[in-house]
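Nothing in this text is a laboratory measurement; each read-out follows from the coordinates by a stated rule. Source: prediction; values computed, not measured. Methodologically, a virtual Cβ is constructed for each residue, glycine included, from the backbone with ideal geometry; neighbour enumeration extends over all protein chains shown.
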Amino acid sequence: MIDQLERYPTMESAWHCDLILRDSDGQFFLNYLHEIVAYEHEMGYPDTAAMAQHRDVVAGNLTNFADDPTKWAKYFWVGMYHNFFCGERHDFSADLRVDDSHFQVVPARLSSLNMKNTRV
């Protein structure tokens, strides 16, 4: 992929530069949120409704899967990506971001757990 991007005078001039991102672990991934807003210019406004819906789904799943570390970690990644994407857009207000409280994992007292659904 990098060799294809190097064919362009600058990375920014490559047509697919905004479609592919590199994660903190070095892996490349499809910037699928770019597609949500790709046709905004035709609508004449930023598509904040779709971003708010995406935020709500991610936040809900971070809450729903708080007791399932494998699934929670996937939504953690999606939430971080969502917030990165929103941060790149000067026309997106801060309320479109997934609230930081959803990213906090805290210990729990055994007395507060439903032990029937807890693996030990």
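Tabulated data for the structure shown
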| read-out | value |
| --- | --- |
| Radius ratio Rg over Rh of the range 44-117, counting only Cα atoms, Kirkwood formula for Rh | 1.09 |
| Listed peptides 54-65, 101-112, 75-86 by packing density, highest first (mean Cβ within 10 Å) | 75-86, 54-65, 101-112 |
| Nonlocal amide H pairs with ILE20, under 5 Å, H built at 1.01 Å | ASN31 |
